[in-house]
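The values are calculated or read from the model by the stated rules, or taken from the named source; none is laboratory data. The shown structure was predicted, so the numbers you read here are calculated from the model rather than taken from an experiment. All Cβ positions, glycine included, derive from the backbone under ideal geometry; neighbour counts span all protein chains shown.
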Amino acid sequence: MVAVFAAGDIAKQMPTESKKFKQIDRLWLKIMERANDNRNVIKQCSDDFLKSQLPSLKDGLDLCQRKLEDYLETKRSVFPRFYFCSDDVLLKILSVGSDPHAVQDDFENFFEAINRVSFDEQDRKLIVDIRSVMGSSEEAIQLVDPVKAEGNIEEWLCRLELEMKRSMRGICARGARDCFSLSLREFIDSCPA
């Protein structure tokens with residue numbers, strides 16, 4: 001959990017909880033140092049400092065956990081495909097969300113049959129196509145309008161989802177036009193025997 005509250009985007013969006021967690025973490029480290037200095041278990045368990053601090057530590061951690069769950073729920077409400085991710089995976093994604101290249105391995109967690117995206121050579125945050133890899137074959141679909149992967153990850157993923165749908169509709173429409181433009185004889189000749 002330490003890495004969660006230390007991560008850039010989460011720490012920025014949850015500053016109060018991040019500060020509270022750091023205080024709890026420091027106090028826990030102090031308790032562990034005291035336990036290491038005095039290895040007598042009976043003395044440690046009867047230590048008034050320990051007895052007075054543990055309940056407040058637990059309450060503080062419970063509060064941080066509830067706030068973190070609320071935070072994840074707000075992210076999921078913006079980008080519902082996050083519901084397909086476990087809390088651990090979602091926290092990892094959100095902690096690296098400002099770097100779209102770090103999310104590459106997670107696309108298949110919330111998009112069916114999409115493993116990766118490709119970025120523009122000059123603008124490394126501009127997504128130009130989506131890719132699906134199955135076995136040794138790979139399929140790439142170029143987006144009609146590239147998507148800028150900047151800002152909150154859930155927002156640029158929403159833009160990517162809309163552009164994927166728009167691009168696929170365009171491809172299907174072109175395929176339908178091409179199919180209907182064939183004469184009946186050409187169509188019959190092109191069909192496998």
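Can you give me the number of residues within region 54-83 that are among the basic types (K, R) and closer than 18 Å to T16 by Cβ?
Quick first cut of region 54-83, residues among the basic types (K, R) only: 58, 66-67, 75-76, 81.
Keeping just the survivors that are closer than 18 Å to T16 by Cβ gives 66-67, 75.
Summing the residues that are among the basic types (K, R) and closer than 18 Å to T16 by Cβ in region 54-83 gives 3.
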Single residue of R34, R39, R81 found to be basic (K, R) and under 14 Å from F110 (Cβ atoms): R81
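Is it the case, given these coordinates, that S46 is modelled with pLDDT under 90 and more than 30 Å from K20 (Cβ to Cβ)? Show your work before the answer.
On the way: modelled with pLDDT under 90: yes; more than 30 Å from K20 (Cβ to Cβ): no.
Answer is no for this residue.
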Unmet requirement for D105, which otherwise passes all of (1) charged (D, E, K, R); (2) surrounded by 13 or more Cβ atoms within 10 Å (Cβ to Cβ); (3) part of a helix (DSSP H, G or I): (2)
Filter result (surrounded by 11 or more Cβ atoms within 10 Å (Cβ to Cβ) and closer than 25 Å to L91 by Cα) within region 19-55: K19, K20, F21, K22, Q23, I24, D25, L27, W28
Which numbered condition S86 misses (of (1) without any contact (Cβ under 8 Å) to a residue 12 or more places away in the chain; (2) polar (S, T, N, Q); (3) surrounded by 12 or more Cβ atoms within 10 Å (Cβ to Cβ); (4) within 27 Å of E17 (Cα to Cα)): (3)
So K75, is it under 11 Å from the mean Cα position of the chain (by Cα) and surrounded by 11 or more Cβ atoms within 10 Å (Cβ to Cβ): yes
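Consider region 58-102. How many of its residues are small (G, A, S), modelled with pLDDT under 90 and not in a helix (DSSP H, G or I)? Walk me through how you get there before you give the answer.
Our first condition is that a residue be small (G, A, S); within region 58-102, this holds for 60, 77, 86, 95, 97-98, 102.
Of the ones still in play, those that are also modelled with pLDDT under 90 are 95, 97-98, 102.
If we keep only those that are not in a helix (DSSP H, G or I) too, we end up with 97-98.
Number satisfying all stated conditions: 2.
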Near pairs, Cβ below 9 angstrom, 6+ apart or cross-chain, from region 107-124 (hydroxyl-bearing (S, T, Y)) to any residue that is modelled with pLDDT of 85 or more: S118/I127; S118/V128; S118/D129; S118/I130; S118/R131; S118/A140; S118/Q142
